[in-house]
Ligand SMILES: [Mn+2]
């Protein structure tokens, strides 16, 4: 079984609950023997310092390292973590077929437009200046809010065209933070980590399923560090 997740955007500014959801998701995947695909924008390296973003989340890093050691971690890169991994992966899923997994920002009509590049280019040039980074973040959010649903529909169409052109059974994408699993639709989106929910997609012989992890399923920090009391 493959579990695909993306768009956690973990940074020093992330709420504590996001780190705990990410850690719990990875620990559970390990316990279940699943292979995890982290499909981009896992750590926020565009609007935050990359090293600091990772250093702020040692428990998440430990789970990622453990999955890597066990040979059950695959990664792609997103537009916010361009060094994270491959541009795209092809999974052979028993009973389902060839599945394309990519973050998808190359298909983003905003990302490739001039308005979408405002945030990226400002941040890349002046990324270490907090004030400019704040402006870049605002530009990014504003562009997305303006585009809204029409941007997501165009993103889906472009991704779907790629999936069909190259003959994949399915394509699993991220980037737009809008989970999408619909029977018969070869475009799948694994959603994001937002609010109190971590969304992800499982892939096995029965197809793609949209799943989520919520705060009710978290192990309390006290339970995690305390030895068994019998
Ligand atoms: Mn993205």
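The values are calculated or read from the model by the stated rules, or taken from the named source; none is laboratory data. Source: prediction; values computed, not measured. Ideal geometry is used to build each Cβ from the backbone, glycine not excepted, and the neighbour counts take in all protein chains shown.
Numbers at a glance
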{"read-out": "Qualifying residue in region 58-70 (condition: within 16 Å of the ligand (Cβ to nearest atom) and on the phi < 0 side of the Ramachandran plot)", "value": "no"}
{"read-out": "For residue 28: the one exception among (1) free of Cβ contacts under 8 Å to residues at least 60 places away in the same chain; (2) more than 26 Å from residue 166 (Cα to Cα)", "value": "(1)"}
{"read-out": "Selection from region 192-230 of residues that are touching a helix residue (DSSP H, G or I) at 6+ places or on another chain (Cβ under 8 Å), under 15 Å from residue 26 (Cβ atoms) and modelled with pLDDT of 95 or more", "value": "193, 198, 200, 213"}
{"read-out": "Sole exception among (1) under 14 Å from residue 2 (Cα atoms); (2) within 15 Å of the ligand (Cβ to nearest atom) for residue 34, by number", "value": "(2)"}
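Residue-by-condition table, conditions (1) closer than 22 Å to residue 172 by Cα; (2) surrounded by fewer than 18 Cβ atoms within 10 Å (Cβ to Cβ); (3) touching a strand residue (DSSP E or B) at 6+ places or on another chain (Cβ under 8 Å):
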site	(1), (2), (3)
17	no, yes, no
28	yes, yes, yes
36	yes, no, yes
44	yes, no, yes
47	no, no, no
51	no, yes, no
61	no, yes, no
75	yes, no, yes
78	yes, no, yes
